[in-house]
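The structure under discussion appears below in the form of structure tokens.
The values are calculated or read from the model by the stated rules, or taken from the named source; none is laboratory data. What you see is a predicted model; the values in this text were computed from it and never measured. Neighbour counts run over all protein chains shown; Cβ positions are idealised from the backbone, glycine included.
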Amino acid sequence: MYQRLVGKLIYLSDTRPDIAYAVSVITYPVLHFLKGTPGKGILLKKHDYLTLEVYTDADYAGSIVDRRSTSGYCTFLRDNLIT
């Protein structure tokens, strides 16, 4: 049950940029917010042409001090940064 909830919240963080930070910090208050705002978010229609671009990069053990890795990603929808 917990894994399904986390999977849904990860999906929502990509499609609902207004709650992306909250998803990384809290769980149940986010669900309460979503229940009260069903009409908000990015509308994705079937007949529209959408361009989705995702960029990612990683630096494995790149820190000289502690050998920690750094990674990141960004997602663009129609030239708009959403995550």
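Could you grab me the full set of residues in the stretch 51-66 that are surrounded by 10 or more Cβ atoms within 10 Å (Cβ to Cβ) and farther than 14 Å from Asp14 by Cα? Result: Ala58, Asp59, Ala61, Gly62, Ser63. Only a single criterion out of (1) on the phi < 0 side of the Ramachandran plot; (2) modelled with pLDDT of 80 or more is not satisfied by His47, namely (2).
Beta carbons closer than 7 Å, at least 6 apart along the sequence or on distinct chains, pair a first residue in the stretch 26-40 that is on the phi < 0 side of the Ramachandran plot with a second that is assigned to a helix (DSSP H, G or I) and surrounded by fewer than 14 Cβ atoms within 10 Å (Cβ to Cβ) for Thr27/Leu5; Lys40/Asp18. Give the residues of the stretch 67-82 that are loosely packed, with under 14 Cβ neighbours inside 10 Å and not acidic (Asp, Glu), sorted by residue number. Residues satisfying the conditions are Arg67, Arg68, Ser69, Thr70, Ser71, Gly72, Tyr73, Cys74, Arg78, Asn80, Leu81.
Residue-level check: of (1) at pLDDT below 80; (2) under 12 Å from the mean Cα position of the chain (by Cα), Arg4 misses just (2).
Anything in the stretch 13-30 that is touching a Pro at 6+ places or on another chain (Cβ under 8 Å) and surrounded by fewer than 12 Cβ atoms within 10 Å (Cβ to Cβ)? List them, or say none. Don't jump to the end; show me each part of the working.
Filtering the stretch 13-30 down to residues touching a Pro at 6+ places or on another chain (Cβ under 8 Å) leaves 22.
Passing the criteria: none in range.
Can you name the residue in the stretch 48-83 that is part of a strand (DSSP E or B) and among the aromatic types (Phe, Trp, Tyr) and is also farthest from Ala20 (Cα to Cα) among such residues? The selected residue is Tyr55.
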